[in-house]
1. Counting only residues that are more than 21 Å from ILE96 (Cβ to Cβ), give me the helices (runs of 4 or more DSSP H) lying completely in the range 1-75 with at least 2 of them.
2. So LYS56 ticks every box in (1) touching a residue at least 24 places away in the same chain (Cβ under 8 Å); (2) loosely packed, with under 12 Cβ neighbours inside 10 Å but one. Which box is left unticked?
3. Among the candidates TYR92, TYR135, which residue alone is among the hydroxyl-bearing types (Ser, Thr, Tyr) and over 23 Å from ILE42 (Cβ atoms)?
4. Does the range 102-109 include one or more residues that are open to solvent by 70 Å² or more (accessible area, probe 1.4 Å) and at pLDDT below 95?
5. Working only within the range 60-81, note down all residues that are out of contact with any Cys (no Cβ under 9 Å at 6 or more places or on another chain), surrounded by fewer than 12 Cβ atoms within 10 Å (Cβ to Cβ) and charged (D, E, K, R).
6. Can you pull out every residue in the range 1-33 that is of a type in the set (A, V, I, L, M, F, W, C) and open to solvent by 70 Å² or more (accessible area, probe 1.4 Å)?
7. Working only within the range 82-101, note down all residues that are surrounded by fewer than 16 Cβ atoms within 10 Å (Cβ to Cβ) and either modelled with pLDDT under 95 or of a type in the set (D, E, K, R) (or both).
8. ILE96 fails exactly one of the following numbered conditions: (1) part of a loop (DSSP other than H, G, I, E, B); (2) of a type in the set (A, V, I, L, M); (3) closer than 18 Å to PHE11 by Cα. What is the number of that condition?
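The values are calculated or read from the model by the stated rules, or taken from the named source; none is laboratory data. On a predicted model such as this, the values are computed, not experimentally measured, just so you know. Neighbour counts are summed over all protein chains in view; Cβ atoms, including those assigned to glycine, are modelled from backbone coordinates with ideal geometry. The area values use the complete protein model at the heavy-atom level, side chains included, leaving out ligands, DNA and RNA. Shrake-Rupley method; radii C 1.70, N 1.55, O 1.52, S 1.80 Å.
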Amino acid sequence: MCKKNNSALFFTCSLIEQLGRLLHCKRGDIVSALGENALTAIYDHADVLHCEPLPKVAEDVVEEFSLRSGSYDNVALAKYPVPDVWTMGKVYARLIEDISTEDNVVETLWNVYTSWIDEKLSDYNSSLYYEPRDYVAECYRQGTILD
């Protein structure tokens, strides 16, 4: 199992959330546009990258990897208070921690963000993003929202 409170994973997931909000893209589209090599580089260098403000890091990543804007704006669609970038980074990081091993953290990150659960977690009008972490992990494992 992946170590708990993995700060590099938390930073990487928060950066993905920041990029999604900045570019109006689904988080899975951000992950796909970056690719596994860039994600690995971000994850491996998170201890240095986190020294800069997250919005600056996001702008640098957009420029370095030529990321493009989209039209997805889950923040504008929210009817309730929107969780901050760090909160959503924690939600994704905990899910990835709960289902990955030490050897496949970036691969698991890729799989989570490009799966069905990304749309559900990004829906701020639903309750999934603030459900207990073990429930979210079990939903992911089962491939559906559990009753």
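1. Filter on the range 1-75 gives 7-23, 54-64.
2. Against the list (1) touching a residue at least 24 places away in the same chain (Cβ under 8 Å); (2) loosely packed, with under 12 Cβ neighbours inside 10 Å, LYS56 comes up short only on (1).
3. On the way: TYR92 fails: over 23 Å from ILE42 (Cβ atoms).
Of the residues listed, the single one that is among the hydroxyl-bearing types (Ser, Thr, Tyr) and over 23 Å from ILE42 (Cβ atoms) is TYR135.
4. Checking the range 102-109: at least one residue is open to solvent by 70 Å² or more (accessible area, probe 1.4 Å) and at pLDDT below 95.
5. Taking the range 60-81 and keeping what is out of contact with any Cys (no Cβ under 9 Å at 6 or more places or on another chain), we get 60-66, 73-81.
Checking which are surrounded by fewer than 12 Cβ atoms within 10 Å (Cβ to Cβ) leaves us with 63-64, 66, 76, 79-81.
Those that are out of contact with any Cys (no Cβ under 9 Å at 6 or more places or on another chain), surrounded by fewer than 12 Cβ atoms within 10 Å (Cβ to Cβ) and charged (D, E, K, R): GLU63, GLU64, LYS79.
6. Once the filter is applied, which keeps residues that are of a type in the set (A, V, I, L, M, F, W, C) and open to solvent by 70 Å² or more (accessible area, probe 1.4 Å), the range 1-33 yields MET1, LEU22.
7. ASP84, THR101
8. Failing condition for ILE96: (1).
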